[in-house]
Amino acid sequence: MISVQQLTKRFGEQVAVDGITFEIPAGQIVGFLGPNGAGKSTTLKMLTGMLAPTSGTATICGHDLQRETLEVKRHVGFVPESGAVFESLTGLEYLEMVAALYAIPEAAARARIEQFIAFFDLSFSTLTDKLLGAYSKGMRRKVVITSALLHNPPVVFFDEPLDGLDANAAVGFKALIQTLAREGKTIVYSSHILDVVERVCDRVLIIDKGRLLLDGKPETLVAESGAGTLERLFTRLTGGTELERRAEDFARTFRP
Amino acid sequence: MTADASPATAVSPDRALRRLFLTLFLRGRSSRGLRRNNMPRSVASKLLLTLLAYGCFGCFALAFVQRPVFEISIYLHGMTLLFCGMFIAASSGEILFNKEEADILLHRPVTPQALLRAKLTILLQVSLWIAGAFNLAGMVAGTLAPNGNALYPLAHALSTVLEAVFCASGVVLAYELVLRSFGREKLEGIMTTVQVLVAVGTVVAGQLVPRVIGRATFRSGSINAHPWWFDLLPPTWFAGLDDAITGNGGVRAATLAVIGIALTALVAWLALGRMARHYETGMQLLGETTSNVPASQLTSRRWLDSLVHSPLLSWWLRNPVRRTAFVLVASYLVRDRDVKLRVYPGLAPLLVMPIAFMMPMSHRAADPFGGFGVAFCGAYMGMIPLFALSLLQYSQQWQAGDVFRAAPIPGPALLCAGARQAVTCFITIPLMLFFTAVVYFLRHTSSELPLLLPGLIALPVFTLAPHLGGKAIPFSKAGEEARSARRGLDLFGVILVSISLSLVATWTWAMGWFPWFLLGEIAVVAVIYTLMRVFLARTPWPSME
């Protein structure tokens, strides 16, 4: 479903993504992990056609990322980390606008929107009367997730999707992505919340400084490394082991 | 935004985008608004008032009712180019390259060309509203002109549409050429320069050049009485089209009309077709994030830090809140694309207007205005911080301004004071030196330089004025509230105030009462300034509702 070969992105002298290669079949939930600045968001932006790669190739649902960018965009849904929306539109106006961009007929779009409203426990009057600028962060995130799934894409990229969601909504969201994967959709899930990734994902990719460090099933990787948890394995790989000692030093020496 | 197409069919992406950008323009892009029926209508309602004011201002064209069609058209097209150009120059950066929009739209199946078309349509639509309001009375004047007829409104409507297309496409093309020539790395810095040049260009084309032509030639009203290079100016082409359609201008009018139509078509084709791929480059640039800081930026940070810690500024900025505000405003004036695109193109026309008033005088044997141009320059200097501070209240990061409300500061006075100090250092003082140099070089004497003083003396009051009532707090409002469509009218208001002050100064200069006038002005300014400072110090934070 997703095939990435030697994908590279440079910003001037800086190499943000350095020749990563992986394949993801249909129906798999893949955790995409890495510390801040590792190149996760840049990779996701390239795979969604937002950024042009410097070199390398990628195909999504058989469509070449660089030659058939519009086809790729039709087949993917993306929840960006920023959760940006047009704040002066109402939720319904925003979702109808997104539906129009995917050429979804109005009646079908309205029916799908209502399904998501019911799933996320949003009230229709909120969606029609309130401008998105007045929504809470969690409500806004629900609208962004709805907008990513509205056209029923076979591949969905989530960049920190739980940011702002309350505990109940987060549980519901995790159930949703597992259901989507069972229906054959490919999910790429980028997050810093490692225990959620460990529980939800079939496979994890760990990148740091633009390079792919590990690729495998979470339980296998944890067992083979002897780290005990995915979190320990992650910090060991990405240089986070010093953090506990530094935190102790900080607490000891910090004076207001 | 509610679709009016049949439920079974989909709204076309192009139409959805046009509707989206118009809605965003009318409502503003971000809001703390509450409900739909209470949503921010400020931009839309202000736009309506602005159009009404443009309509009233357009009535001035009725004074030309006895002039030939070509002269009326030159006036109307010159002013239309000025107003539309200033609106487009001020709005295009925000509309064409919005950073947040990249995360929302770039992963959707729409081409950058479709985005560009939709945005250009909105720029064009609003430009036509402005042009329509301003030209309404002019159409009546053209119809009633000695050589006018019933065809004039139709001809002028057509030429005005063409002029707006030319103006909007020209701005887009300028951005595309920058992207093509300099690449994405330099886009942000160069965009500001392009926008400043566009703003200055529209003022020059609309105001400065007709003055240089000379009244004798202009007043003849005949299309054949102008020098050849007059044909290079866009308002002339479109006035030629008016003349050609109403059957007055002959071969020269037809030639000008053909030039206007051909160049408009060429610019539109280049902007929307041939060069549109460079817009995609610009859009992708917005999606790029890099932790690499260019060496030039590091240098500017160190430079700013050194400046703030220099002995003079350390003393001037000894209050920590003032110093914080100074650094914040100075940083944004130097680094922030959104602020730079608003402030510098907004101020650029101010630099051109005094020169426009001085140039015709500079090559005359006798100056009938007796130093009016110099006094006008001085009055303009006073207006610069007023304009700059008004523009600095807008930012895309306006919500970050809450940090000041959360801090234990009783009101915005100290914050505004720091902003005033930054504007004084980075804008007012450099421009004062610029204006003084301009006066000296254009008048070839320093004897009239004292006429700059009335404007300088009024400067502290003009600087405080935007902050009255807790307004114009730096970076406290969304960028879209900047009412960019009103910029042309604001400029007109500034000209009126400057003219009034300058007239009084020139009159007292001629009568030999100038020193007394200055003393009187100092006394009045001192009283007003003290009262304003006291009032501002007591002003609490404005409500966030």
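Things worth noting here:
- Unique residue being surrounded by fewer than 20 Cβ atoms within 10 Å (Cβ to Cβ) and more than 9 Å from chain B (Cβ to nearest Cβ) when the list is A:107, A:111: A:111
- If the condition is being in contact (Cβ under 8 Å) with a residue 60 or more places away in the chain, small (Gly, Ala, Ser) and not in a strand (DSSP E or B), then region A:1-33 contributes A:26, A:27.
- Among the residues of region B:26-37, not a single one is more than 11 Å from chain A (Cβ to nearest Cβ) and either modelled with pLDDT of 80 or more or in a helix (DSSP H, G or I) (or both).
- Residues of region A:95-133 classified as polar (S, T, N, Q) and under 24 Å from the mean Cα position of the chain (by Cα), total: 1
- Qualifying residue in region A:46-54 (condition: under 26 Å from residue A:138 (Cα atoms), at the interface with chain B (Cβ under 7 Å from one of its Cβ atoms) and either without any contact (Cβ under 8 Å) to a residue 40 or more places away in the chain or in contact with a Leu (Cβ under 6 Å, 6 or more places away or on another chain) (or both)): yes
- Residue A:69 passes every criterion in (1) modelled with pLDDT under 90; (2) over 23 Å from residue A:1 (Cα atoms) apart from (2).
- Number of the exception - residue B:475 against (1) surrounded by fewer than 18 Cβ atoms within 10 Å (Cβ to Cβ); (2) at pLDDT 80 or above; (3) assigned to a loop (DSSP other than H, G, I, E, B): (1)
- Residue B:325 fulfils the conditions (1) more than 30 Å from residue A:50 (Cα to Cα); (2) of a type in the set (Gly, Ala, Ser); (3) exposed (fewer than 12 other Cβ atoms within 10 Å of the Cβ); (4) at pLDDT 75 or above except for a single criterion, (3).
Yes/no matrix, rows are residues, columns are (1) within 18 Å of residue A:32 (Cα to Cα); (2) part of a loop (DSSP other than H, G, I, E, B); (3) modelled with pLDDT under 90:
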position	(1), (2), (3)
A:146	no, no, no
A:157	yes, no, no
A:161	yes, yes, yes
A:179	no, no, no
A:195	yes, no, yes
A:223	no, no, yes
A:227	no, yes, yes
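- Test: residue in region A:201-222 that is over 27 Å from residue A:18 (Cα atoms) and either more than 13 Å from the chain's Cα centre (by Cα) or in contact (Cβ under 8 Å) with a residue 24 or more places away in the chain (or both): no
Yes/no per residue for (1) charged (D, E, K, R); (2) out of contact with any Pro (no Cβ under 7 Å at 6 or more places or on another chain):
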{"position": "A:9", "(1), (2)": "yes, no"}
{"position": "A:55", "(1), (2)": "no, yes"}
{"position": "A:61", "(1), (2)": "no, no"}
{"position": "A:67", "(1), (2)": "yes, yes"}
{"position": "A:87", "(1), (2)": "yes, yes"}
{"position": "A:93", "(1), (2)": "yes, yes"}
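- In region A:114-137, the qualifying residues are those that are more than 12 Å from chain B (Cβ to nearest Cβ) and buried (at least 18 other Cβ atoms within 10 Å of the Cβ), and the one that is farthest from residue B:18 (Cα to Cα) is A:120.
- Pairing residues of region B:319-340 that are farther than 17 Å from residue B:472 by Cα and free of Cβ contacts under 8 Å to residues at least 12 places away in the same chain with residues that are part of a loop (DSSP other than H, G, I, E, B) and among the small types (Gly, Ala, Ser), at Cβ distances under 6 Å and at least 6 apart in sequence or on separate chains, gives no pairs at all.
The rows are residues; the columns are (1) more than 14 Å from chain A (Cβ to nearest Cβ); (2) in contact (Cβ under 8 Å) with a residue 40 or more places away in the chain; (3) among the aliphatic types (A, V, I, L, M).
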| position | (1), (2), (3) |
| --- | --- |
| B:77 | yes, yes, no |
| B:83 | yes, yes, no |
| B:89 | yes, yes, yes |
| B:95 | no, yes, yes |
| B:99 | no, yes, no |
| B:104 | no, no, yes |
| B:107 | no, no, no |
| B:115 | no, yes, yes |
| B:118 | no, yes, yes |
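- Residues that are of a type in the set (A, V, I, L, M, F, W, C) and touching a Pro at 6+ places or on another chain (Cβ under 8 Å), drawn from region A:178-214: A:197, A:201, A:204
- Verdict on residue A:102 being within 12 Å of chain B (Cβ to nearest Cβ), over 27 Å from residue A:26 (Cα atoms) and surrounded by 20 or more Cβ atoms within 10 Å (Cβ to Cβ): no
- Odd one out for residue A:36, checked against (1) surrounded by fewer than 19 Cβ atoms within 10 Å (Cβ to Cβ); (2) not in a loop (DSSP other than H, G, I, E, B): (2)
- Here residue A:115 meets the list (1) in a helix (DSSP H, G or I); (2) farther than 18 Å from residue A:153 by Cα; (3) not hydrophobic (A, V, I, L, M, F, W, C) almost entirely, failing just condition (2).
- Residue-level check: of (1) in a helix (DSSP H, G or I); (2) touching a Cys at 6+ places or on another chain (Cβ under 7 Å); (3) not charged (D, E, K, R), residue A:189 misses just (1).
- The helices (runs of 4 or more DSSP H) found entirely in region B:368-465 that carry 2 or more residues being modelled with pLDDT under 80 are B:372-392, B:402-406, B:429-443.
- Single match in B:16, B:61, B:10 (criterion: buried (at least 20 other Cβ atoms within 10 Å of the Cβ), facing chain A (nearest Cβ under 8 Å) and modelled with pLDDT of 80 or more): B:16
- When B:333, B:285 are screened for being at pLDDT below 90, out of contact with any Gly (no Cβ under 8 Å at 6 or more places or on another chain), closer than 27 Å to residue B:193 by Cβ and within 14 Å of chain A (Cβ to nearest Cβ), only B:285 passes.
- Search result, residues across region A:55-83 that are among the aliphatic types (A, V, I, L, M), crowded, with 17+ Cβ neighbours inside 10 Å and within 11 Å of chain B (Cβ to nearest Cβ): A:72, A:76, A:79
The values are calculated or read from the model by the stated rules, or taken from the named source; none is laboratory data. Please read all numbers here as calculations on a predicted model, not as lab measurements. We place every Cβ from the backbone using ideal geometry, glycine too, and count neighbours over all the protein chains shown.
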